[in-house]
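First the structure, in the form of structure tokens, and then the observations on it.
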Amino acid sequence: MDPVKLFDRTTNLLRANLDRRGTAQEARAEALRRLGVKNRVHYFGPERRDKPGLAELVRILGGTEPAGPAVAVVRAVGPISVEGDELPLGGGEGIAERRLGRLLRKLRDDPEVKAVVLRIDSPGGSALASDLLWTELTALRERKPLVASVGGMAASGGYYLAAAARSIVAEPTSIVGSIGVVGGKLSFARSLEHIGVHVETVAPEGAPAEGRRALYSSALAPWDEATRAKVEAMARSAYDLFVERVAKGRGLPVERVRGSAEGRIFAAADAKKLGLVDELGGLDVALELALKLADLPPTATIEVVDLPPGLLELIGMPSPQDRDEEARRLEQRAQRAARRELLGPLGRAREPAEALLGSLAPLLGAERVVAALPFGVVLR
């Protein structure tokens, strides 16, 4: 069978067995609706409300009172990925969708949190993770004010997140935009041929298309034209969704957003003229705006938040995971310092590009389309 027809047939078969597309949270809500569930009691996990959590219990025993209404500051720094595993190409861990998504849901349901400021410094990364986080941020925005504060950059997937906020505040030196996606994979087939290594695929008899599909994610063989066309279609679909998300979040016509898209990057002042940014300023300006939107006084509590700590952290002892993580970070820091020392000026110039290379890391895994800044930008 022709590869394109095979792909279309598979896609149509999947669509025929799907009612609609949605997130995991929407699937759970639909399951509860079909079961006719009217009320839920959480016996386990962070959503349990009938008894105080561990952190609250320690606070009560210590005799301290809750701080009252607060503005939460959430950091979203580095390349975006789904799992949050260490990224190749020197990208570090960056923004893990699963971890940040859990934190956003916690803040959304916390009655003491009256507004959220998302501090973004990211060149993008996984298109899937960016869209999942956009969904979580949009749900948060519907409950309480959400302000995005852009640090060094909110580019591609980073701007994907910022577009979900009610207002975007960017530093005058910030890089904003890069509304676009990149698709592809690394293939070393021609390089291997130069050293006499040839890759052959043994496909089932009478089904050559299956053999070509088996090497879809392999770096040992390039794509055939049919596969390349399908990846391009995936990229166009992801790009159109990206533009629609930005248009919805910013309250702009789709065609106006398209005029600022196609991977273009802007200085914050130019982005403001285009409607991609609301105000110029630092985190202090974003906090003032969040306080105003939440009708809170200037003296209200401002907290930098993360997921709740475990028992060991609460009593001042690092968990084994934290110790391993700290050791790994120190090792990575030492390796980067040694590399810069070895390479001199060239090594020092590499550091701004490491996060950008990390944002492209999902292409080395299962994803073939990413929302990532595809080139480095260094301001001097």
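The values are calculated or read from the model by the stated rules, or taken from the named source; none is laboratory data. Bear in mind the structure is a predicted one, so any value in this text is a computation, not a measurement. Using ideal geometry, Cβ is built from the backbone for each residue, glycine included, and neighbour counts are taken over all protein chains shown.
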>> For the stretch 147-159, check the following and say yes or no: at least one residue is under 23 Å from Asp284 (Cα atoms) and surrounded by fewer than 24 Cβ atoms within 10 Å (Cβ to Cβ).
In response: yes
> Given (1) exposed (fewer than 13 other Cβ atoms within 10 Å of the Cβ); (2) under 22 Å from the mean Cα position of the chain (by Cα); (3) assigned to a loop (DSSP other than H, G, I, E, B), where does Glu244 come up short, assuming only one miss?
Replying inline: (3)
> Any residue at all in the stretch 286-299 that is assigned to a loop (DSSP other than H, G, I, E, B), at pLDDT below 70 and either closer than 25 Å to Ser174 by Cα or among the hydrophobic types (A, V, I, L, M, F, W, C) (or both)?
Replying inline: no
> In the stretch 248-266, which residues are crowded, with 18+ Cβ neighbours inside 10 Å, outside any loop (DSSP other than H, G, I, E, B) and not basic (Lys, Arg)?
Replying inline: Gly249, Val257, Ile265, Phe266
> Can you tell me which residues in the stretch 77-113 are at pLDDT 90 or above, surrounded by fewer than 22 Cβ atoms within 10 Å (Cβ to Cβ) and either hydroxyl-bearing (Ser, Thr, Tyr) or assigned to a strand (DSSP E or B) (or both)?
Replying inline: Val77, Val113
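Quick grid of which residues meet (1) of a type in the set (A, V, I, L, M); (2) part of a helix (DSSP H, G or I); (3) farther than 23 Å from Ala372 by Cα:
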{"position": "Tyr160", "(1), (2), (3)": "no, yes, no"}
{"position": "Ala165", "(1), (2), (3)": "yes, no, no"}
{"position": "Val176", "(1), (2), (3)": "yes, no, no"}
{"position": "Lys185", "(1), (2), (3)": "no, no, no"}
{"position": "His198", "(1), (2), (3)": "no, no, yes"}
>> I'd like to verify a number: residues in the stretch 165-174 that are surrounded by fewer than 24 Cβ atoms within 10 Å (Cβ to Cβ) and in contact with a strand residue (DSSP E or B) (Cβ under 7 Å, 6 or more places away or on another chain), how many?
In response: 4
>> Given the options Ala162, Ala189, name the one that is touching a Leu at 6+ places or on another chain (Cβ under 8 Å), surrounded by 24 or more Cβ atoms within 10 Å (Cβ to Cβ) and either closer than 18 Å to Ala269 by Cα or free of Cβ contacts under 8 Å to residues at least 40 places away in the same chain (or both).
In response: Ala162
> What about Gly177, is it surrounded by 19 or more Cβ atoms within 10 Å (Cβ to Cβ) and touching a Phe, Trp or Tyr at 6+ places or on another chain (Cβ under 8 Å)?
Replying inline: yes
>> Consider the stretch 270-285. How many of its residues are closer than 10 Å to Val176 by Cβ, out of contact with any Gly (no Cβ under 8 Å at 6 or more places or on another chain) and part of a helix (DSSP H, G or I)?
In response: 2
